[in-house]
Amino acid sequence: MVDQGRLDYDALVTDYWPEFGKNGKGHIKIEDVLRHEAGLAAASDIDLAWTLPENIKKNMIGKLLEDDTPVYYTDEKKENPTGVAERHYHAVTRDLITNELFRRVESKRRTMGEYLREEMPELDGVFAGIQTQDMHRVSDLWVMPLVGIFGDREEEDLIET
């Protein structure tokens, strides 16, 4: 989408998805999401059925992300004059966010999976997105809480913005 001029890495996510800006996320740029610096490394419980294209288009995942609040680790000993958050791997949420952005700028409002299947059929056998007939192949995902996964960092070192 960037190569087609539909998306700009330097733009705010809210330029394409205004509802995303709730709960302190209005400052997040596309590049922050791609660099794992959006403060959304942990996701709320996600029902696997929400990830089906028909439910994504009902904004089930979008609403979850819109209502989420970013959490950043702060370290008072480390200067951070840029205000840029530390990177925390967004194992699940980065793809969810980019898919939501993609479908908002794609001309037919398709998910990434639909786009790849329809526009690049030569990728047959590559799974992008979940389809109903594939649900039996997918396992549940349990998201660990942020607290405790950063070694000796204490809960009070995590802040919500």
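Okay, residues lined up against (1) at pLDDT below 90; (2) surrounded by 12 or more Cβ atoms within 10 Å (Cβ to Cβ); (3) touching a Gly at 6+ places or on another chain (Cβ under 6 Å):
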site	(1), (2), (3)
Asp45	yes, no, no
Pro53	yes, yes, no
Lys57	yes, yes, no
Pro70	yes, yes, yes
Pro81	yes, no, no
Glu86	yes, yes, no
Glu100	no, yes, yes
Pro121	yes, no, no
| query | Which condition breaks for Leu12 when tested against (1) surrounded by fewer than 18 Cβ atoms within 10 Å (Cβ to Cβ); (2) more than 18 Å from Met112 (Cα to Cα)? | reply | (1)
| Residue, farthest from the chain's Cα centre (by Cα), within segment 21-49, restricted to residues that are part of a loop (DSSP other than H, G, I, E, B), more than 20 Å from Ala11 (Cβ to Cβ) and not polar (S, T, N, Q) | Asp47
| Within the bounds of segment 15-28, is there any residue that is within 13 Å of Val105 (Cα to Cα) and either surrounded by fewer than 16 Cβ atoms within 10 Å (Cβ to Cβ) or among the acidic types (Asp, Glu) (or both)? | yes
| So Arg109, is it surrounded by fewer than 19 Cβ atoms within 10 Å (Cβ to Cβ) and at pLDDT 85 or above | yes
| note | Over segment 25-51, the set of residues in contact (Cβ under 8 Å) with a residue 24 or more places away in the chain and among the acidic types (Asp, Glu) is Asp32, Glu37, Asp45
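The values are calculated or read from the model by the stated rules, or taken from the named source; none is laboratory data. What you are looking at is a predicted structure, and each value in this text was computed from that prediction instead of being measured. Every residue, glycine among them, receives a Cβ derived from its backbone with ideal geometry; neighbour counts consider all protein chains shown.
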